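First the structure, in the form of structure tokens, and then the observations on it.
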Amino acid sequence: MFKQGVMATAFVVVIGAVPALAQTNRAEVGFTLGWVFSDGVTTDDPILANGQLYDQVDPKDSFAWGFNVGVPVSPNLEVGFLFGQQMSALVADGTAKTEAGDMTVSTYHGYVGYNFLESDAILRPYLLFGLGATSYGSVDYTRIGGATGQIGGFTQFSTTWGAGVKGFISDSLSWKGGIGWTPTYIKSDAEGWWCDPYWGCYVVGDAQYSNQWQFNGGIVVKF
């Protein structure tokens, strides 16, 4: 339900900007392929499994693909929706490293992007920022005895940040290459107590994020 809500919100943002299509600038759809370097989270209470102690879980670095739909609201500013999917696996790390099973990591973000220089420039650097969610798919695994099990998927709030450059090919086609960073909040660990004369004392948490660093390239089609 949360994923559907994020996608619906992003759709409303894009549709709300449709009047801007009356300008010279046109809407664009981008398609990308790339590679993602990922990290996960750790725990202070290691888990004993298969005769090993595990204190960290990570998505595996892997191939990813994605697309975006952007609508101009000025000659340089655009809003849109950005989707990405990493074809990953869940890896447990500790006294040994074990790949539990395949896992997809999907991202859904409404974004605001800024394109530098003129719309017909040969090269246009860009920056973008988005708000949305990251969804970690369920993982099917096999125990030592041969019995199967499943780790349920979940969805968490995330932001996304990106930068890159677009290159002019024709009036309707461009190439692009860039990097992206998507930090996703996973959990908070108790770090200690903080006390204030007015508010009293409470536990201070140390937030942990799973990070995706992506390097990608693709094409952009204008309509």
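Please treat every number below as a calculation from the coordinates, not as lab data. Everything quoted here is computed from the prediction, not taken from an experiment. Using ideal geometry, Cβ is built from the backbone for each residue, glycine included, and neighbour counts are taken over all protein chains shown.
Couple of notes before you dig in:
- Pair list, Cβ < 8 Å and 6+ apart or interchain, from segment 161-174 residues that are of a type in the set (F, W, Y) to residues that are exposed (fewer than 15 other Cβ atoms within 10 Å of the Cβ) and in a strand (DSSP E or B): W161/F129; W161/W181; F168/L123
- Where strands (runs of 3 or more DSSP E) fall wholly inside segment 49-98, the ranges with 1 or more residues that are of a type in the set (S, T, Y) and touching a Phe, Trp or Tyr at 6+ places or on another chain (Cβ under 8 Å) are 62-72.
- Restricting attention to segment 139-182 and to residues that are touching a Ser or Thr at 6+ places or on another chain (Cβ under 9 Å) and not in a strand (DSSP E or B), the residue that is surrounded by the fewest Cβ atoms within 10 Å (Cβ to Cβ) turns out to be G152.
- Selected residue (criterion: farthest from G110 (Cα to Cα)) from residues of segment 43-85 that are among the hydroxyl-bearing types (S, T, Y) and surrounded by 15 or more Cβ atoms within 10 Å (Cβ to Cβ): Y54
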